[in-house]
Amino acid sequence: HVHLDVRDMDSNQLMVLMCAVTLTDTIIAKAHGREGSNFCVPYRSWNPVEQAFQKYTSAGLFRFKDLGTIEFRMFKGATNSDELRRIVDIVHAYRMVAENPEQLLSALKSRQYSEVFNAVQEIVRPVMYTVGPEYVEQEIRNGFASAVAIVEQSKRLEAKLQASSLS
């Protein structure tokens, strides 16, 4: 698993990070051989705000309280430095989306799919041709409703984050 330190992110940025995961987790999991794993459940499989704090999700905030991290479980183990670099590049792309939240947030609020895709394209670009552009488009569309639900439940998410804050 890969942990990303998110202690410096505000709740809005964490919300956008979760939205990006919801839109792309199945794509990344498929590209890394983790599709269908019980230890890498996509956010859109049930309530995404609650799921984000469960252990066996594609990217969980359950370590936020003790480590201040989000744990990405959608990657297979790396066997060489090139594979590890590709994983780190994807995790970095998630962070970049979260650090500049307005693009994805405004696209979700206005429900503009093409803008949503533009906001997460750096995340999926490294695996686009591994899984196929049609699959990428389909899965981003499939995750769209869950990402909108996260935005609509932002107050609930903020309360859960505050309850899980590092002491």
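In this structure the amide hydrogen of residue 41, modeled in the peptide plane, comes within under 5 Å of the amide hydrogens of 57, 58, none closer than 5 places in sequence on its chain.
Express the carbon and sulfur contribution to the solvent-accessible surface of the stretch 1-128 as a percent, rounded to the nearest whole number, probe 1.4 angstrom. Within the stretch 1-128, the accessible surface is 48 percent carbon and sulfur.
For the listed residue pairs 30/160; 65/109; 55/160; 55/155; 65/155, the alpha carbons are over 26 angstrom apart in 30/160; 65/109. In a fully extended conformation the segment linking residue 112 and residue 100 would gain 2.6 nm over its present Cα-Cα distance, using 0.36 nm per residue.
Remark: the chain carries 48 Å² of accessible area per residue (probe radius 1.4 Å; ligands, DNA and RNA excluded). Remark: the residue 152-residue 130 segment gains 4.7 nm on full extension, using 0.36 nm per residue and subtracting the alpha carbon distance. Could you give log10 I(q)/I(0) at q = 0.13, 0.14, 0.16 Å⁻¹ for the stretch 14-167, computed by the Debye formula over C-alpha point scatterers of equal weight, without solvent? Reported log10 I(q)/I(0), two decimals: -0.54, -0.63, -0.83. Largest mean-square fluctuation among 137, 99, 83, in a Gaussian network model of the chain whose springs join Cα atoms under 10 Å apart, belongs to 83.
In the chain, which helices (entire DSSP H runs) extend 18 Å or more along their own long axis, judged by Cα positions, while averaging at least -1.0 on the Kyte-Doolittle scale?
On the way: long enough: 11-31 (29 Å, 1.10); 81-99 (26 Å, -0.10); 133-152 (28 Å, 0.01).
Length and hydropathy pass: 11-31, 81-99, 133-152.
Summarising the overall dimensions of the stretch 6-50 from its C-alpha atoms, the Rg and Dmax are 11.7, 32 angstrom.
The values are calculated or read from the model by the stated rules, or taken from the named source; none is laboratory data. Please read these numbers as outputs of a predicted model, since none were measured by experiment. To get the accessible areas, we keep the full protein, side chains included, count just its heavy atoms, and leave off ligands, DNA and RNA. Shrake-Rupley method; radii C 1.70, N 1.55, O 1.52, S 1.80 Å.
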